[in-house]
1. Trypsin sites (Lys or Arg not before Pro), restricted to the stretch 730-801: which are DSSP loop and have at most 12 other Cβ atoms within 10 Å?
2. Could you work out the relative contact order of the stretch 324-448? I mean the mean sequence separation of Cα pairs under 8 Å and 6+ apart, divided by the number of residues, in percent.
3. For Lys470, which sequence-distant residues (separation of 5 or more, or a different chain) have an amide H within less than 5 Å of its own amide H, given hydrogens modelled in the peptide plane?
4. Leaving out same-chain residues fewer than 8 places away, which aspartates and glutamates sit with a Cα under 14 Å from that of Lys520?
5. Which net charge results for the neighbourhood of Met146, defined as the other residues with beta-carbon distances under 13 angstrom from its beta-carbon, given Lys and Arg at +1 and Asp and Glu at -1?
6. With a 1.4 Å probe and all protein chains left in place, how much of the accessible area of the chain comes from carbon and sulfur atoms, in whole percent?
7. Per-residue HN-Hα couplings for the stretch 481-494, Karplus 6.51 cos²θ - 1.76 cosθ + 1.60 at θ = phi - 60°, whole Hz, x for Gly and Pro?
8. Assign one of three labels to the chain, namely rounded, prolate or oblate, based on the Cα gyration tensor with a ≥ b ≥ c the square roots of its eigenvalues; rounded applies when a/c is under 1.5, prolate when it is not and a/b is larger than b/c, and oblate otherwise.
Amino acid sequence: MEVRENLIKLCEKINDGHYKITPDCAEYRVFEKWITDEQIAVMMALTSMKPAFVPLIARKAGMSVQRTREVLHEITDIGLVVQVLVPKVGLEIYLLPPYTPGIFEFLLINEKFCIAHPEIAYAFHQHATDSQIEHAPNTPMGAGIMRVIPVESAIPADATSIDNERCSKYIEDNDGHLSVTPCQCRRVRRMMGEGSGDLDEGLCIFMGHVADMFNHTGKGRPVSVQEAKALVKLADERGCVHQITTLHQGETFAICNCQPESCLALGVTQYFNTPGTSKSNYVAEIDKEKCVGCGQCTDHCANNAIQMGQKLCAKTPIVHEPHELPDEIEWTPEHWNTEHRTNREYIAPEGTAPCKTACPAHIAVQGYLKLAAQGRYLEALELIKKENPFPAVCGRVCNRKCEDECTRGDVDRAVAIDEVKRFIADRELERAGRFVPKKLYDYSDKKIAVIGAGPAGLSCAYFLACDNYKVTVFDKNDLPGGMLRYGIPNFRLEKTVLDAEIDVLKELGVVFRCGVEVGKDVTLARLREQGYDAFYLAVGAQKSAALGIEGEELQGVWGGIDFLRLVNSGARPAIGKKVVVIGGGNVAMDVARTAARLGAQVTVAYRRRESDMPADPLEVAEAKEEGVKFVFEHKPVSIEGKNGKVHALHCEGDKSLRCDAVLAAIGQRIDLGGLDLGALACDGKGRVQADAFTYQTAQSDVFVGGDAYTGPKFAIDAIAQGKQAAISIHRYVHPGQSLTIGRDRLTYRAFDKDNVDFDTVRRDCGDAPRQIPGKDAAKALTFRDDRCTFTEEQVKAETARCLGCGQSFVDPNKCLGCGVCTTRCKFDAIHLKKRTFVESIDYFDRPKALPEFVAGRQKRIEIRKMSENK
């Protein structure tokens, strides 16, 4: 396309010397395909940031007043100028804004125009990257595109603050001149297909004449002071960062409520590693003594300035070097972070607490232990449920990976983390009402079908329902719960506990359609016709694996899972007096203990040595206490029958076991039934294949999780996958959102215990013994769970044993001072401190201020070079 010299001149006029204008630059390309010569002429007749009346504009443009007014209305509607209306005297005043904040944002508010001209979104992105190469490191505080102002609750009471550091001040000053519009940065990301799950709903608050313009043109929604403050409060609850424009000191024409993964202004800071372009006057500081490394601040840090690390004394001291800044060095590409939307590091180089790392859901273990220690049980429950909606269930059946890795276990015995979690959850079960999280979003226009009501499906449904999706869970069984209900005996998990936690999903609006088998009673194709936008396949592995030996067809041979299903459904199968259970895993222990409760003499036959058994040692011990016998190195080869019934099990080496029933608990298999799979594929073991991060299958609207994806694992693994699938589904059903950009990669790593100074740890931690839960006295085996929950005194004693391994650290050079972290901390461990007193640099002062800053920076660079060369 031929270069338009008049457009080059217009770009230079708007640019005002900030960027180099070429036909390939963003500032030219944004206009290139659609702006008319008349529109250029009228814009050239305006002066940057200075108001002008229509007759004067017409005279400079060489056009009639009437035609000039028509063109001004056109370009106002498009989003190229600021219009100021004075209705009482019939005046129209216009001014030419800069590129940012200004023309790029105003264009993006006009969605219809941007759909017709998608290059606008790409040009804005290019403006926030390529155009800032020279500008970003040479921008002083207060002169960036936008500037962070803190969450008001985070501003210290004793700080020397100025009103223009408070959102409320700007809102109150513009009473009657407020307008809410969709977010322009989120819109750019969506139009580029690179959204991070943050939708461009109404989150930007415009003010003054700009607000009046958007309200007049219908592109904004008028709001009152109270409504604007409520929106700011909602943004705080969502973890948004507040930013204001910097064109005039003490004024702003917008408060943007930004998400770091979407915002282009914060993107400049992150892309070029130049915090000064957007930081406030504050820096977050952490009180090491109060911090418990829960990670809530880390997860919400706008600039990845906070990381979780090690708190325990180390043999080799751990040093956290602050991030390098461009103040006195040449800022070349190796200093940038162009992949900032995908490479965030939440864990410090030395690693962090092993408990949080080992948990598949990465629950904030230290955090809820500390809250429990302080008697703040509901807050502890809330913290757990950020990752795990079923703490009462997991408090009874979890495989406790956190305890396996607990550092206290290297001193004496691990903290009884699971028992504390059970106590916290059981406290809630005793309350009149359940804890139901507040819904901060409303996606009720989207319908999601969850297929399978086991732990993965229930978890996915919970997290989607928290954002007000319309979720329907389909399950072929009579009641929801999957393997939690039908595969785990009552003496380990009473179903009243399961039902109580499922009730929370119902309160959130989840609909259960039990007794409906998808693929048989209704197809995926039919559900699509009914308006379902996505599907989560979580059917589990609910079939017993076959033994593959002679005699398996005899009466008295059951698969372990099938046997448990029968018993958990209320049946009492006739298994005779002598029963052999084949297998050595946790399911085998459940089967053996269930059979014992049916009055049988039970022997577990395992093909390898006792030390090779994969079952939880605690469950093995409990089985032995209940009279279950074990034989090892017994590999079954056939089942002998008499009159069509089981008589004996024969094993390698002429070993035989007389029995009336054989219960085979050697594994589970996945059964997808008649599900219409489309492009979905399975591996050789029947596991559904999917992306390991997003859980999306080859059938793009179908996501998978739980045992159907991994094969048989534990409930907590399925629960963790359910949350991640919910995140993916949320992104999938909204066009333009990436399934991966801006997501936590969950790359947790524990610190090196070999570097822990255990001599100091042992000296400081005391020798308090691990608390042991009691048991209800019972004369005979029953199907009731006789394990007692900790008492409150035991909880206090046990939580005191936690070593507090991890803590978070702030890099002051990266912190933007937004204060979001302070709103997430439950321990009063992180606060903002005022470090600078820099106000925004007025637009008309910048022609002098910016060159002075650049010259000063260059001088510092030269001084450093000379110092390093000595």
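1. Loop-located and lightly packed - Arg745, Lys779, Arg784.
2. 22
3. Lys446, Ile448
4. Qualifying aspartates and glutamates at Cα under 14 Å: Asp475, Asp671, Asp676.
5. Charge balance near Met146 sits at +1.
6. Roughly 49 percent, rounded to a whole number.
7. So the Karplus estimates, Gly and Pro as x, are x, x, 5, 4, 8, 9, x, 10, x, 4, 6, 9, 8, 6 Hz.
8. Taking the square roots of the gyration eigenvalues as a ≥ b ≥ c, the chain is prolate.
The values are calculated or read from the model by the stated rules, or taken from the named source; none is laboratory data. What you see is a predicted model, and the numbers here were worked out from it, not measured in a lab. Counting neighbours? That spans all protein chains shown, and the Cβs are built from the backbone with ideal geometry, glycine included. Just so you know, the surface numbers come from the protein's heavy atoms only, side chains and all, with ligands and any DNA or RNA stripped out. Shrake-Rupley method; radii C 1.70, N 1.55, O 1.52, S 1.80 Å.
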